[in-house]
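None of the figures in this text is laboratory data; all of them are computed from the coordinates on show. Because the structure is a prediction, the values reported are computed rather than measured. Here the Cβ positions follow ideal geometry from the backbone for every residue, glycine too, while neighbour counts run over all protein chains shown.
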Amino acid sequence: MYQAPLPQEYADLSPEEADARIVAAKQKLGKRLVILGHHYQRDEIIKHADYRGDSYKLAKDANLHPEADYIVFCGVHFMAESADILTPDNQVVILPNLAAGCSMADMANLFQVRKCWAELEKVLGGVRREASGVESGTRSESNLQSSISPPDTRRPTPDASRVIPVTYINSAANLKAFVGEHGGTVCTSTNAPTAVKWALEQGDKVLFFPDQHLGRNTGVRLGYDPETDMVVWDPFKPLGGNTEEDLVRAKFILWKGHCSVHGRFTVEQVRKARVDYPTVKVLVHPECPIEVVRESDYNGSTEYIIKTVQASEPGSVWAIGTEINLVSRLAKEHPDKTIFCLDPQICPCSTMYRIHPSFLCWALENLAEGRVVNQIKVPEKVTYWAKEALTRMLTVCA
Ligand code: SF4
């Protein structure tokens with residue numbers, strides 16, 4: 001999304017000035033404000049966060065303060081959208097820099113996914129089902145209230161054979177809505193095995209987007225073979241670059257998307273870490289390629305990585321395959337352990353990095369003066385079905 005340049009006054013702030021003014025604006029706003037900070041944010045932002053976490057934890061944290069008027073999300077665009085979907089209408093969600101997107105989320109859009117779905121339907125035979133299924137149950141179990149009337153769920157919706165769509169939470173709200181409308185679910189890197197297992201109980205196949213690596217690593221964890229049970233869907237090729245036979249055979253149709261940070265880690269880096277530090281434990285995120293995950297000792301979500309390091313013995317050595325701000329913070333918080341990033345080049349998430357303290361200062365000072373800037377508002381129709389998909393995840397993976 002386009003972000004207008006900061007007013008010069010903010011662009012010129014020194015780090016100390018920005019810090020002091022953020023503190024002052026935060027004090028002025030008091031309980032009317034909640035700041036959420038993703039683990040990949042720089043320290044200068046994280047220090048101001050009321051809650052820090054990965055995208056799943058923050059999506060839940062966003063819902064903890066119904067009394068707050070403003071949720072300022074220091075993360076990327078899809079996270080702020082999820083917060084808007086999960087919070088009541090009267091709460092305003094703000095992304096301090098609208099240019100903070102996610103390169104992986106941008107690798108799948110609604111047009112491409114609809115086209116994929118239509119092609120799958122053609123190849124696999126369209127079993128037309130109603131878009132109800134578990135929805136009514138999940139809705140009543142949820143404490144999240146929909147703000148609009150439910151659409152007519154008796155309307156038949158196109159359903160490509162018995163393919164269940166699963167979208168990683170790192171995706172645009174309209175893709176979450178697509179999934180909600182087509183009987184699928186959202187997943188996170190923490191709960192992907194549970195969500196995918198559930199999906200395979202509802203249908204024959206899973207269409208997993210946008211991250212092929214998380215989809216593949218999850219399938220392997222559930223006992224599937226990446227060579228025979230999985231195909232990759234390239235949205236720029238007819239049938240995603242597959243034959244009809246491939247698609248009929250596959251259990252997993254994995255969207256050709258990846259994370260620009262986790263996709264950089266290599267097997268060579270893992271082997272070098274083992275040579276340099278014979279006692280090292282290698283811990284990587286499941287957005288890494290499968291070869292890297294196979295070479296590692298452990299893999300799991302950001303929260304898993306943090307907990308694993310926290311619980312480890314003093315003196316232990318950790319080579320970690322995830323975003324550098326998190327790895328550096330872990331190293332600082334655990335001086336009794338040797339902790340370093342697998343990639344010797346700095347590998348920050350460049351879009352997360354766009355939440356600069358000057359942007360946070362600008363957003364908070366405007367709020368303190370009663371002016372809302374950079375609000376993230378998901379359209380109501382999208383909200384309905386996206387909430388359905390998110391709520392289903394929270395129910396299925398509770
Ligand atoms: S680390 Fe990767 S998946 Fe996460 S926000 Fe950055 S680009 Fe997106």
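The table below gives the values:
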read-out	value
In the stretch 344-382, GluC sites (Glu not before Pro) in a DSSP loop with at most 12 other beta-carbon atoms within 10 Å	Glu369
The stretch 262-341 shape via C-alpha gyration tensor axes, a/c threshold 1.5	oblate
Pairwise label distance in nanometres, Leu222 with Glu291, each label 7 Å out on the Cα-Cβ vector	2.6 nm
Extended-chain gain in nm, criterion 0.36 nm per residue less alpha-carbon gap, Gln310 and Lys272	11.3 nm
Most fluctuating residue given options Asn170, Asn217, Asn90, as computed from a GNM of the chain linking Cα atoms under 10 Å	Asn90
Ala24 paired with Gln375, simple spin-label distance in nm, labels 7 Å along Cα-to-beta-carbon	2.7 nm
Helical mean residue ellipticity (222 nm; -39500 (n - 2.57) per DSSP H run of 4+; nearest 500) of the chain	-11500 deg cm²/dmol
Pairwise centroid distance, computed over Cα atoms, of the stretch 344-389 with the stretch 4-29, Å	16 Å
Loop-located GluC sites (Glu not before Pro) in the stretch 7-67, at most 12 other Cβ atoms within 10 Å (DSSP)	Glu67
Contact order normalised by residue count of the chain, Cα under 8 Å, 6+ apart, percent	22 percent
Listed peptides 386-394, 106-114, 274-282 by packing density, highest first (mean Cβ within 10 Å)	386-394, 106-114, 274-282
Extension reserve of the Asp246-Asp106 stretch, reckoned as 0.36 nm per residue once the Cα distance is removed	47.8 nm
Volume in Å³ per residue [convex hull over Cα atoms, computed for the chain]	141 Å³
GluC sites (Glu not before Pro) lying in DSSP loop within the stretch 227-309, provided at most 14 other Cβ fall within 10 Å	Glu227
Förster-model FRET efficiency, 41 Å R0, Arg162 and Gln3, C-beta, rounded to 0.05	0.45
Cβ-Cβ FRET estimate between Asp12 and Glu333, R0 fixed at 35 Å, reported to 0.05	0.60
